[in-house]
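The values are calculated or read from the model by the stated rules, or taken from the named source; none is laboratory data. Note that the structure is predicted; figures quoted are calculated from it, not measured. Using ideal geometry, Cβ is built from the backbone for each residue, glycine included, and neighbour counts are taken over all protein chains shown. Surface areas here come from the heavy atoms of the whole protein model, side chains and all, with no ligands, DNA or RNA. Shrake-Rupley method; radii C 1.70, N 1.55, O 1.52, S 1.80 Å.
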Amino acid sequence: MRKLMAMAMIAALATPGMAQRDPAYQAARAGGEVGEQPDGYLGVVGAGSAELRALVSNINIQRKAAYTQRAQASGATVEQLAFTSGCRLIEQTGAGEKYRTPGGSWATRGAGPPERDGRCG
C-alpha cells in the first residue's frame, strides 16, 4: 500500500495543467474565488460566475484526464492519484489563497501550514 501511494504521489507531481497558467485562473486564485480541494480538484468559492465555473470545470476535466492516464500507467486508482494530488496542491497553496479543509469549509492559507487530511502524511 505504501509503495502504491508513493507511486501515485510521484505520478501526481507531474500534473501541470496548461489551463492553470491562464491569467483568468491566476486572477481567480489570487482573488480567493477558487481554491484547492482534498479530492484533487479545483473548487469555486461561493456561487461564482458562469464563466468562472466553466473555467474551473475545464481545469478539472484536464486534471481528471491526467489522473486517469497516470492511474492506467501506475496501477493506482484515479481516486488515489486525485487524493495525493489534492494533498500536494493544498500544501503548495500560498498565503492568502483558498483551500477546502478536511471538514469541508473554505479556509484562507496563512503563514503556517494548511489544515490537511491526516492521510496526507
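So which of 104, 86, 110 ends up being on the phi > 0 side of the Ramachandran plot and not hydroxyl-bearing (Ser, Thr, Tyr)?
Only one candidate passes the filter, namely 104.
Can you give me the number of residues within segment 91-110 that are free of Cβ contacts under 8 Å to residues at least 40 places away in the same chain and among the charged types (D, E, K, R)?
2
When you scan segment 20-44, how many residues do you find that are more than 18 Å from residue 92 (Cα to Cα) and open to solvent by 70 Å² or more (accessible area, probe 1.4 Å)?
1
For every residue, the table says whether it meets (1) assigned to a loop (DSSP other than H, G, I, E, B); (2) crowded, with 17+ Cβ neighbours inside 10 Å; (3) free of Cβ contacts under 8 Å to residues at least 40 places away in the same chain; (4) not β-branched (Val, Ile, Thr).
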residue: 46; (1), (2), (3), (4): yes, no, yes, yes
residue: 63; (1), (2), (3), (4): no, yes, no, yes
residue: 69; (1), (2), (3), (4): no, no, yes, yes
residue: 80; (1), (2), (3), (4): no, yes, no, yes
residue: 89; (1), (2), (3), (4): no, yes, no, yes
residue: 113; (1), (2), (3), (4): yes, no, yes, yes
residue: 116; (1), (2), (3), (4): yes, yes, no, yes
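If I filter segment 9-19 for residues that are at pLDDT below 95, open to solvent by less than 40 Å² (accessible area, probe 1.4 Å) and either among the acidic types (Asp, Glu) or not in a helix (DSSP H, G or I) (or both), do I get at least one hit?
Yes.
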